[in-house]
Each structure stands twice: as structure tokens, then as C-alpha cells.
Amino acid sequence: MSVNRRSFLKQMGVGTGGIVVGHAYAHAFSGTSVELLSNQGSEEHELPPLPYAYDALEPIIDEQTLQLHHDNHHAGYVRGLNRAEASLAEARNSNDFTLVKHWERELAFHGSGHILHSIYWTNISPGGGGRPDGKLAEKIDKSFGSFDRFKNQMVATTNAVEGSGWGVLATQPLFNQLVVLQAEKHQDLTQWGAIPLLVLDVWEHAYYLKYQNRRSEYVNNLFDIINWDDVALRYEKTGM
Ligand code: MN3
């Protein structure tokens, strides 16, 4: 694994040495927000290890769901991203862009899936919950009126995702504000330039084994395991 790849994973907060929580991994954040999403060159992307045990988020997220979600679903997005990049490289080599529309769609879908899941694993943790403090709390108050108003919008937004997707709290540096967005699938309905801080997965694979059709119960319960230290570090890193 190259230094670049390791550094990228650390910046994503997923590290290579197991659990990384709270200020202990502040040192891993050394670059700018842009580096979080920078081109990693021609290397293959890798599935980051889950930063806790499969049963660590019980009872809110059950062991079987977490294992399937990480080892199968997230791994599939990593494979899909590598396949799309390899296919586009082959298209450039042969100057045959017949299937470029397909591979560009795959690049957006799987690339966004890999990014969002890598953030999601670190956004939740055993011992999470509560509410943010410090600069992030101030910015939430300024952008949404109060934490409770933000939470109400975040919950409603996430519950209302049509089909498979995500609720997303992001910084929008171009507007100097925080914004709550929906993502349909992984890549639709964003604002260009937004940097995700907190992402809540509401694909059925994230909750259906335990919660069946009760998406809103799952979303409400997620707030009991949100790792606000991770969200705050992501916010600090944007320099806003
Ligand atoms: Mn998922």
C-alpha cells in the first residue's frame, strides 16, 4: 500500500490500524479538504477495514447487517469503482469510447458509494450519541437555527429519500454554510462542491433485516450512535 493510499484512508478517518475515534486521530488529518477527494492515481482502491467489531453497534445495528453491509455491499462498490476506472483506462488506451456513457455512470455510482460508506463507518461508533459542541455546534446553530431544528430536518430529509439513498449533512464552502441534502442512490441530488460530514445510509440493506419497513425507527436510533467527534473533525478539516 503506497503512502498516498494510506494517507487517503487516514484522512477518510478509517485508518489501517483498527479503531480510530475522537481526538486520537486528529493527527491523521493533515491536509486540506480537497485532498479528501483527490485523484488517487492509477492504484486500485481498497475496502477500508471496519473500525470496530461487527457486533459493536448492537442493538441499534445488528451484527449480521453490519457484516453483510461492509463485507459485501461496500466491497462491491470498491470492486465496481476499480472496474470502471480500469475500463476507462482501457478505453483511453484503445481510443474506443463506445461504452464511455456506461463506465462514466459506473464511476459516479460506485465511486460515490465507496466514499459515502467510508464516511458512514466512522460517523457511527459504539459510545456515540449526544450532540456536537464547539465550532461545529456554532455552525449548525448559524445554518439551521438550532441543533434541534437541524436534527428535525436531517431526520425528515433522510426518511423522505425516495428509494435507495442517503441523508447528508455537508459543508458547502462555495456558500460558506452547512446544508442538508438527500442523495438518491449514491450520486444523485447533490450540490457541486459540497463536502459530506455526516451521512446516514437508508438503502434497505442498511436496516431491513432488523427494522423491516420501519426506516424512521432506524434513522432515529442512528442518532444514539453518531460519533460527533468524527463529524466535528471532518468539519474542522474543511477550514470553514
Ligand atoms: Mn449501504
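The values are calculated or read from the model by the stated rules, or taken from the named source; none is laboratory data. Since this is a predicted model, take the numbers as computed values, not measurements. Virtual Cβ from ideal backbone geometry, glycine too; neighbours counted across all protein chains shown.
Exactly one residue out of Gly17, Gly22 is at pLDDT below 95, among the small types (Gly, Ala, Ser) and at positive phi: that is Gly22. Within segment 77-106, the residues that satisfy the criterion of being outside any helix (DSSP H, G or I) and of a type outside the set (Val, Ile, Thr) are Asn95, Asp96, Phe97, Leu99. What about Asp71, is it within 19 Å of the chain's Cα centre (by Cα), among the charged types (D, E, K, R) and over 23 Å from Glu184 (Cβ atoms)? Judged against the criteria, Asp71 is a match. Pairs meeting the criteria (first residue in segment 93-107 and more than 16 Å from Asn82 (Cβ to Cβ), second residue assigned to a helix (DSSP H, G or I) and among the small types (Gly, Ala, Ser), beta carbons under 9 Å, at least 6 apart or on different chains) are Phe97/Ala91; Thr98/Ala91; Leu99/Ser87; Leu99/Ala91; Val100/Ala91. Condition test on Phe150, is it hydrophobic (A, V, I, L, M, F, W, C) and part of a loop (DSSP other than H, G, I, E, B)? So Phe150 does not fit the description; no. In segment 146-179, what residues are β-branched (Val, Ile, Thr), under 16 Å from Ala206 (Cβ atoms) and touching a helix residue (DSSP H, G or I) at 6+ places or on another chain (Cβ under 6 Å)? Hits for segment 146-179 are Val155, Thr158.
Would you mind stating whether Leu169 is on the phi > 0 side of the Ramachandran plot and of a type outside the set (S, T, N, Q)?
no
Taken over segment 72-104, the criterion of being surrounded by fewer than 13 Cβ atoms within 10 Å (Cβ to Cβ) and away from the ligand (no atom under 11 Å from the Cβ) is satisfied by Ala89, Glu90, Arg92, Asn93, Ser94, Asn95, Asp96, Phe97, Thr98, Lys101, His102.
Among the residues examined, Ser112 qualifies as polar (S, T, N, Q), crowded, with 20+ Cβ neighbours inside 10 Å, in a helix (DSSP H, G or I) and at pLDDT 95 or above.
The single condition among (1) modelled with pLDDT under 95; (2) charged (D, E, K, R); (3) more than 30 Å from Pro132 (Cα to Cα) that Arg83 does not satisfy is (1). Looking at Ser146, is it within 16 Å of the ligand (Cβ to nearest atom) and of a type in the set (Gly, Ala, Ser)? When the stated conditions are applied, Ser146 does not pass them.
Number of residues in segment 110-137 that are within 16 Å of the ligand (Cβ to nearest atom), in contact with a Lys or Arg (Cβ under 9 Å, 6 or more places away or on another chain) and more than 26 Å from Pro59 (Cα to Cα) equals 2. Within segment 187-240, the set of residues being basic (Lys, Arg), surrounded by fewer than 23 Cβ atoms within 10 Å (Cβ to Cβ) and under 16 Å from the mean Cα position of the chain (by Cα) comprises just one member, Lys237.
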